[in-house]
Amino acid sequence: MNSADDHLISLETAANLTSEIVDQSLLESHDTSFVVYDYRKLEEKLNLVRNSFPSFWKHATAIKANPLAKIIKHIGQSGNGLEAASYEEIWLAQKAKAPFIIWDSPAKSEEEISLVFNEASNIIINANSLYELKALCDRDANDNIQLGLRINPEMSLSSMSSMTVGSTGSKFGEPISNAADIVNYFKKSGLNLGLHIHASSQNNNLKESVSAVKRICELALEIGLNRISYIDIGGGFPADYGFEKTVEISKYSALLRDECPILFNESVDVYTEFGRYYHANAGFHVSRINEVKAFPSQQTLTNHLGADMFLRESYQPGKWEHRLGIMNKHFKLISEAVIKTDVGGPLCFGGDYLAKNVSLPPATNKDYLIIMDTGANSFALWSMHCSRTFPKVIGINQNGTPFILKKRQALEDIEKFWS
Ligand SMILES: Cc1ncc(COP(=O)(O)O)c(C=O)c1O
């Protein structure tokens, strides 16, 4: 673990918060697992992003990383916009009263587009292709809507393949190799349009991310800045999971300032759409350990969170690591000798492991598992496999006081879903 980890919630703090949650009687006996989300960490990140970039930049938060209604409402009220990857997310963003919404869905139906044109206000629509942009521009102009085009920079990026959306052949955006057509359309349309890029997620190579953004800045210059209404540089900034060297967001800003000066001189509006970075470190999960199987050189645990909660961790073994800890029944961290451990979930299939071959203290079925840095892209990807109920979510407010942010899902909801 690196030394600059003071922005991470420590395992000790997570254990103390758990103890407080129990003391305040926020859990019931059927809460075999629960999620904790600390608003103080979210605030820290919202401020860090605002302070790292010029004050005229506008920041949206990607809903898909954490769609909890109360959290996105909090974000909307704090002045950030929301990035929606589906019509349903626009609906959530409208309920959250976000000051503006960016709609980036790669598959927008005709019906959804009509609804947005008729009902939505303060919305930016990033078309996924030149074809889609032309169709949007052919509609009656709506003063509440700004239109732009997502560009695929067609680069080979070092982030993992499932997180890379900016390579040749990608389904995302208009390929930059069609630059001539793009420039031609932007110049001839007589409209002011935006340019958008989101090349990858959780990419620790900032130089690559900056060079992807640079490609759309060059395109903007070729079109002429008088025709460009905004540049949206997307999200993708990596979260710190406590294993690799921390990447500072101020460094990203400094690199962008060097390579993409047009983003800093107020010649165009600039938008960002970070998701994971805001949320990941604000969350952790706690689960009772249901069973421990002891083998000569390893233990295998079964807990109440698996591939339903941690889809990526389970289906891409070894690629999404979290800091893990074991607490005893008094919510004290156990830090004695470690043993090779496989951490199994509650689902009835062979791939249901959220970690394998990790080092943890010997555990018993009276203990608890803590899984850290889970505020983004964990419960947001919730799966109904085996029809388990979505656990309770406990919020930690600005004063450090725990409260029930979301109730555990009712059994009736499961029946309703499948009916
Ligand atoms: C278009 C778009 N914008 C923003 C984001 C947020 O990315 P991240 O959570 O990596 O910051 C995503 C994530 O996939 C995305 O597809």
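Laboratory data are not the source of any read-out in this text; all were calculated from the coordinates shown. For clarity, every value in this text was computed on a predicted model and none was experimentally measured. Don't worry about glycine lacking a Cβ; one is built from the backbone with ideal geometry, like all the others, and counts go over all protein chains shown.
Here are the numbers for this structure:
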{"read-out": "Rounded Å value of the spacing that divides the Cα centres of region 55-106 and region 364-419", "value": "21 Å"}
{"read-out": "Eligible lysines near residue 329 by straight Cα distance, threshold 20 Å, same-chain separation 8 or greater", "value": "293, 366, 392"}
{"read-out": "Rg(Cα)/(2.2 N^0.38 Å) for the chain, N = residue count", "value": "1.03"}
{"read-out": "Reachable lysines from residue 207, criterion Cα separation under 26 angstrom, eight or more residues apart if same chain", "value": "45, 58, 64, 171, 245, 251, 319"}
{"read-out": "Value of Rg/Rh across region 3-109 [Cα atoms, Kirkwood radius]", "value": "1.05"}
{"read-out": "Antiparallel bridges, percent of DSSP beta bridges restricted to the chain (to nearest 5)", "value": "45 percent"}
{"read-out": "Only Lys, Arg (+1) and Asp, Glu (-1) charged, at Cβ; region 104-274 dipole about Cα centre in debye", "value": "440 debye"}
{"read-out": "Region 208-247 and region 251-301: distance between their alpha carbon centers, rounded to Å", "value": "17 Å"}
{"read-out": "Rounded to 10°, Cα long-axis angle of helix 39-52 versus longest principal axis of the chain", "value": "30 degrees"}
{"read-out": "Debye equation applied to the C-alpha atoms of region 58-105, log10 I(q)/I(0) at 0.22 Å⁻¹", "value": "-0.57"}
{"read-out": "Within region 104-274, percent of DSSP bridges classed antiparallel, to nearest 5", "value": "5 percent"}
{"read-out": "Lys/Arg +1, Asp/Glu -1 at C-beta; region 104-274 dipole; positive extreme among 145, 115, 193", "value": "193"}
{"read-out": "Nearest 10 degrees, 0 to 90: helix 11-23 Cα axis against the chain principal axis", "value": "70 degrees"}
{"read-out": "Listed peptides 252-259, 185-192, 55-62 by packing density, highest first (mean Cβ within 10 Å)", "value": "55-62, 252-259, 185-192"}
{"read-out": "Least to most buried among 384, 327 (fewest other Cβ within 10 Å first)", "value": "384, 327"}
{"read-out": "Degrees, to the nearest 10: 179-189 long Cα axis against longest axis of the chain", "value": "60 degrees"}
{"read-out": "Derived scalar couplings ³J(HN,Hα) [region 27-36; Karplus, 6.51 cos²θ - 1.76 cosθ + 1.60; whole Hz; x for Gly, Pro]", "value": "10, 10, 4, 7, 7, 6, 8, 7, 10, 10"}
{"read-out": "Helix-only mean residue ellipticity at 222 nm for the chain, each DSSP H run of n ≥ 4 adding -39500 (n - 2.57), per residue, nearest 500", "value": "-8500 deg cm²/dmol"}
{"read-out": "Relative exposure of 349, 264, 172, judged by other C-beta atoms within 10 Å (fewest first)", "value": "349, 264, 172"}
{"read-out": "Under 12 Å, Cα to Cα: Lys pairs in region 70-162, sequence gap 8 or more or different chains", "value": "4"}
{"read-out": "Normalised convex hull volume, region 104-274, alpha-carbon set, Å³ per residue", "value": "121 Å³"}
